[in-house]
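The values are calculated or read from the model by the stated rules, or taken from the named source; none is laboratory data. Predicted model only: the values in this text are computed from it and were never measured. FYI the Cβ positions are ideal-geometry reconstructions off the backbone, even for glycines, and counts take in every protein chain you see. SASA here: full protein model, heavy atoms, side chains in, ligands and nucleic acids out. Shrake-Rupley method; radii C 1.70, N 1.55, O 1.52, S 1.80 Å.
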Amino acid sequence: MPSDPFFHPVSGFDLPRFAGVPTFMRLPQVTPDHPRFAEVEIGLVGVPWDSGTTNRPGPRHGPRQLRDASTMIRAQHATTGMRPFEAANCADLGDVGPNPADIVDTLDRVTAFYDRLTSNGTRPLTAGGDHLTSLPVLRALAKAGPLGMIHFDSHTDLFKSYFGGTLYTHGTPFRRAVEEGLLDPKRVIQIGIRGTMYDTEDRDFAKAEGIRIVTIEELFARGIPDVMQEAREIVGAQPIYVSYDIDFVDPAFAPGTGTPEVGGPNSFQALQVCRELAGLEIVGADLVEVSPPFDASGGTAFLGVSIMFELLCAMLAERALDPRST
């Protein structure tokens, strides 16, 4: 059924985009205590937290800047014609309140918040935060069994530990997720990996577990449609998670991030990979590592929310093809 008009975003024809309190894509804010929370099918959530960052901090400020930039998102996809806010009840669910002084406590807080979403049947689209954010989200979403994952990034985030034994950083979330049984490694593909390396420990782990790594060189040599077809074959028809680190994109187009790597995709290619996700069983997705202190123009945030819009459309693509949804 079409979504309720209550859940439609405010139009720029009704209220100028520079006016009003910003929410994700100008949607209504419906916290888990709101009387209409039970009707939310896709929930956009901020996780303003970067305690897993090991070098340049700032992603804790990402959700606020992403919300502001998202006022430029309109109701219809320019290429596909899809109108996602009419395909499902979407809402801004607010932020998960972190404990910036305690990583483990914040991990628990995030998982508890997302437990409420899964109990409600709400699929989350998350704005981070650093990439450690993905781990507690997966702990909530994978309680019924391990998920597949398509991961866009410059880095694998598969390291065992940092600084002699620290297990929870933005470079370790997917190592922990495999160890905890949250991800089926044989249904995981990581795309865009590049940059100088400490060693091969992360890639050795991936090879041993069956995780598919597509380097940036392979992505450019084969092309996005071919690589994404392989990704679709790897994850199959079962539920998957999509994790998108903004540093997948070349820093010429997305400088506002803590660990940039040169030689990456441009902004169109950043959107193109998302369009190849349409029709997959996506139970949740995130966009992480936007760091406003390094985003003087705001262009990284705008690209970030444009990617979020593409992910939202991919999460609802089956409804656009389903005659029962109209």
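Odds and ends about this structure:
- Of the chymotrypsin sites (Phe, Trp or Tyr not before Pro) found in the range 126-167, those that fall in a DSSP loop while having at most 12 other beta-carbon atoms within 10 Å are PHE163.
- Surface analysis of the range 67-158 yields an accessible area of 33 Å² per residue, using protein heavy atoms and a 1.4 Å probe.
- Think of a 1.4 Å ball rolled over the protein heavy atoms: the range 1-65 then has 52 Å² of accessible area per residue.
- P(r) weight above 17 Å for the range 240-310, C-alpha pairs, percent: 37 percent
- Convex hull of Cα atoms in the range 46-114, direction-averaged projection (nm²): 6.3 nm²
- For ILE282, distant residues with modelled amide H under 5 Å away: ILE240
- Portion, in percent, of the accessible area of the range 242-326 that falls on carbon or sulfur, probe 1.4 Å: 60 percent
- Candidates per chymotrypsin sites (Phe, Trp or Tyr not before Pro) in the range 182-284, loop by DSSP, up to 15 other Cβ within 10 Å: TYR198
- 3J(HN,Hα) from dihedral phi, the range 246-260, Karplus parametrisation 6.51/-1.76/1.60, rounded to Hz, x for glycine, proline: 4, 6, 4, 7, 4, x, 5, 9, 9, x, x, 8, x, 10, x
- For the range 187-262, trypsin sites (Lys or Arg not before Pro) are listed when DSSP marks them as loop and at most 15 other Cβ atoms sit within 10 Å of their Cβ; the list is empty.
- Along each principal axis, Cα extent of the range 130-218, largest first, Å: 36, 31, 24
- Site pair ARG74 and THR31 shows an inter-label distance of 3.4 nm when each label is modelled 7 Å from Cα along Cα→Cβ.
- Heavy-atom accessible surface of the range 125-215: percent carbon and sulfur, 1.4 Å: 54 percent
- Here the dipole of the chain is about 500 debye; that uses its Cα centre as origin and unit charges on the Cβ of Lys and Arg (positive) and Asp and Glu (negative).
- Rounded percent of accessible protein surface that carbon and sulfur make up, the range 1-56, 1.4 Å probe: 59 percent
- Reducing the range 149-182 and the range 94-108 to their Cα centroids gives an inter-centroid distance of 18 Å.
- Per-residue [θ]222 nm for the chain (sum of -39500 (n - 2.57) over DSSP H runs n ≥ 4, rounded to 500): -9000 deg cm²/dmol
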